[in-house]
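Each remark here refers to the structure printed beneath this line.
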Amino acid sequence: MKSPLLSLPGAVPAEGVDEGVAAHYGDLFREQRALADGTGFVDLSHRGVVTVSGEDRLTWLHLLLTQHVSELPAGEATEALILSAHGHIEHALYLVDDGATVWAHVEPGTEQALIAYLESMKFFYRVEVADRTGEYAVVHLPAGSIAEAPEGVVVRETAYGRDLFLPRADLEPYAADLGRHGPPAGILAHEALRVEQHRPRLGFETDHRTIPHELGWIGTAVHLHKGCYRGQETVARVQNLGKPPRRLVFLHLDGSEVHLPAHGTEIRLADDGPDGRKVGFVTTSVRHHELGPVALALLKRNVPVDARLLAGDTAAAQETVVEP
């Protein structure tokens with residue numbers, strides 16, 4: 001779904017999964033600094049929006065999600081996963097309940113598969129699942145923003161900022177009201193701050209075999225003391241008896257390189273050279289306004305925390321995100 005904000009001056013379209021919104025509006029680092037300072041907003045209108053209504057919505061979702069939501073207070077934000085039977089991550093949901101309806105935004109293009117799964121699990125529960133992507137656009141206000149949300153708009157507030165579920169018809173008028181919130185920032189600025197904050201993203205930090213422990217999603221998206229859900233056996237076994245096979249790390253990349261290593265770029269030990277065995281791969285790489293080129297990556301758990309690395313041909317030093 002193409003955002004109308006791509007018609008704003010300087011807008012450069014994003015590519016890949018984030019196609020449909022602006023990568024930036026002409027000045028990537030200015031946009032990053034504005035978000036870091038708590039001003040501006042990010043158009044995330046390409047993300048899927050799914051709602052669950054009905055009096056059984058919370059108790060029903062509690063049975064399906066990794067998060068404890070049966071008593072989720074109205075207005076309190078949370079995030080949750082849906083796992084496969086083997087404990088691999090299939091969906092990531094960013095939730096809030098408004099007292100009558102649970103609102104969730106999800107990765108672009110994943111809403112239909114999510115809805116199909118939810119519909120298959122309704123049974124006798126009094127719930128209604130709906131795709132609201134065509135009606136509502138997600139807009140992100142950064143942490144520290146003093147901008148007021150439009151009246152009546154559902155807001156999901158976290159330590160990283162506020163997500164507004166804005167009626168899609170109101171997106172252009174909202175963007176035009178610069179006095180309310182400041183100028184727009186593109187998805188690249190939003191991603192740079194996400195990487196700095198070590199926050200994983202479905203489809204970027206995950207592959208077909210990722211389990212929550214590898215990304216530090218235990219606690220934030222996975223509750224360890226709740227009833228049964230699909231994939232819980234794997235979560236409990238790794239938590240109580242072992243360690244995940246891989247771990248998320250934060251990389252400082254050699255700033256002399258012109259190009260950033262792409263998603264999937266193989267990582268090797270620098271001491272083994274470019275022909276050494278693969279020990280991981282880059283998941284997201286960005287140019288940060290203060291830190292320079294940085295990335296998130298998944299490494300094999302047994303890679304020493306002080307090992308010097310090569311991401312493709314780019315030298316990299318690691319910081320621990322998930323303990324080995």
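So here's what we get for this one:
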read-out	value
Strands (runs of 3 or more DSSP E) lying entirely in the range 21-69 (those with 3 or more residues that are within 26 Å of R132 (Cβ to Cβ))	41-44, 48-53
Selected residue (criterion: most open to solvent (accessible area, probe 1.4 Å)) from residues of the range 280-324 that are among the hydroxyl-bearing types (S, T, Y) and under 10 Å from L253 (Cα atoms)	S285
Options L224, L253, L269, L260; residue that is within 12 Å of L299 (Cα to Cα), open to solvent by less than 80 Å² (accessible area, probe 1.4 Å) and either touching a residue at least 24 places away in the same chain (Cβ under 8 Å) or of a type in the set (A, V, I, L, M) (or both)	L269
Which numbered condition L141 fails, given (1) outside any helix (DSSP H, G or I); (2) of a type in the set (A, V, I, L, M); (3) within 22 Å of R230 (Cβ to Cβ); (4) touching a residue at least 60 places away in the same chain (Cβ under 8 Å)	(3)
Selection within the range 70-92 - closer than 17 Å to G231 by Cβ and either part of a loop (DSSP other than H, G, I, E, B) or open to solvent by 10 Å² or more (accessible area, probe 1.4 Å) (or both)	E79, S84, A85, H86, G87, H88, I89, E90, H91
Residues satisfying the stated conditions in the range 158-194, i.e. within 21 Å of the chain's Cα centre (by Cα), of a type outside the set (G, A, S) and closer than 15 Å to P142 by Cβ	T158, Y160, R162, D163, L164, P184, I187, L188, H190, E191, L193, R194
Out of E172, E205, E191, E214, sole residue that is of a type in the set (D, E) and part of a loop (DSSP other than H, G, I, E, B)	E205
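The values are calculated or read from the model by the stated rules, or taken from the named source; none is laboratory data. This structure is a prediction, so every number in the text was calculated from the model and none was measured. Don't worry about glycine lacking a Cβ; one is built from the backbone with ideal geometry, like all the others, and counts go over all protein chains shown. The protein model used for the area step is the full one, side chains on, heavy atoms only, and it has no ligands, DNA or RNA in it. Shrake-Rupley method; radii C 1.70, N 1.55, O 1.52, S 1.80 Å.
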